[in-house]
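The values are calculated or read from the model by the stated rules, or taken from the named source; none is laboratory data. Quick caveat, the model's predicted, so the values are computed rather than measured. Positions of Cβ are generated from backbone atoms using ideal geometry, with glycine treated the same way; all protein chains shown enter the neighbour counts. Only protein heavy atoms, including side chains, enter the accessible area calculation; ligands, DNA and RNA are left aside. Shrake-Rupley method; radii C 1.70, N 1.55, O 1.52, S 1.80 Å.
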Amino acid sequence: MNRLPDPTFDQRLADWLEDQPEPTQQARGEFIRLQCQLARNQADPDADVWAAALQEEHDKWLSENNQGKK
């Protein structure tokens, strides 16, 4: 059975992650929140600002988790 994506699930997940004590989980929560905001407002003139913030959070998360190393 296929279900439509539930945007409130992503928001609740982001809230939960941001409330966790570990900084990497908090950063992941912020990343998810920015993804949701960008997806909802792609036609907004500020979408490029959110996209830049999203990229910055992604880079931060990668560096904190050593995912950027080859």
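Taken together, the residues in segment 38-52 that are of a type outside the set (Lys, Arg) and closer than 18 Å to Asp10 by Cα amount to 6.
In the set Ala39, Ala27, only one residue is small (Gly, Ala, Ser) and either open to solvent by less than 30 Å² (accessible area, probe 1.4 Å) or under 16 Å from Asn65 (Cβ atoms) (or both); that residue is Ala27.
Residue pairs whose Cβ atoms lie under 6 Å apart, separated by 6 or more positions or on different chains, with the first residue in segment 15-37 and at negative phi and without any contact (Cβ under 8 Å) to a residue 40 or more places away in the chain and the second crowded, with 17+ Cβ neighbours inside 10 Å and not in a helix (DSSP H, G or I), do not occur.
For Gln55, state whether it is at pLDDT 80 or above, under 21 Å from Thr8 (Cβ atoms) and surrounded by fewer than 18 Cβ atoms within 10 Å (Cβ to Cβ).
Working: at pLDDT 80 or above: yes; under 21 Å from Thr8 (Cβ atoms): no; surrounded by fewer than 18 Cβ atoms within 10 Å (Cβ to Cβ): yes.
Judged against the criteria, Gln55 is not a match.
Reported count of residues in segment 1-23, each being in a helix (DSSP H, G or I), over 14 Å from Leu34 (Cβ atoms) and at pLDDT 90 or above, is 2.
Out of segment 42-51, which residues are open to solvent by less than 60 Å² (accessible area, probe 1.4 Å) and either in contact with a Ser or Thr (Cβ under 6 Å, 6 or more places away or on another chain) or part of a helix (DSSP H, G or I) (or both)? Spell out how you get there, then give the answer.
Taking segment 42-51 and keeping what is open to solvent by less than 60 Å² (accessible area, probe 1.4 Å), we get 44, 47, 50-51.
Of everything in segment 42-51, those that are open to solvent by less than 60 Å² (accessible area, probe 1.4 Å) and either in contact with a Ser or Thr (Cβ under 6 Å, 6 or more places away or on another chain) or part of a helix (DSSP H, G or I) (or both) turn out to be Ala47, Trp50, Ala51.
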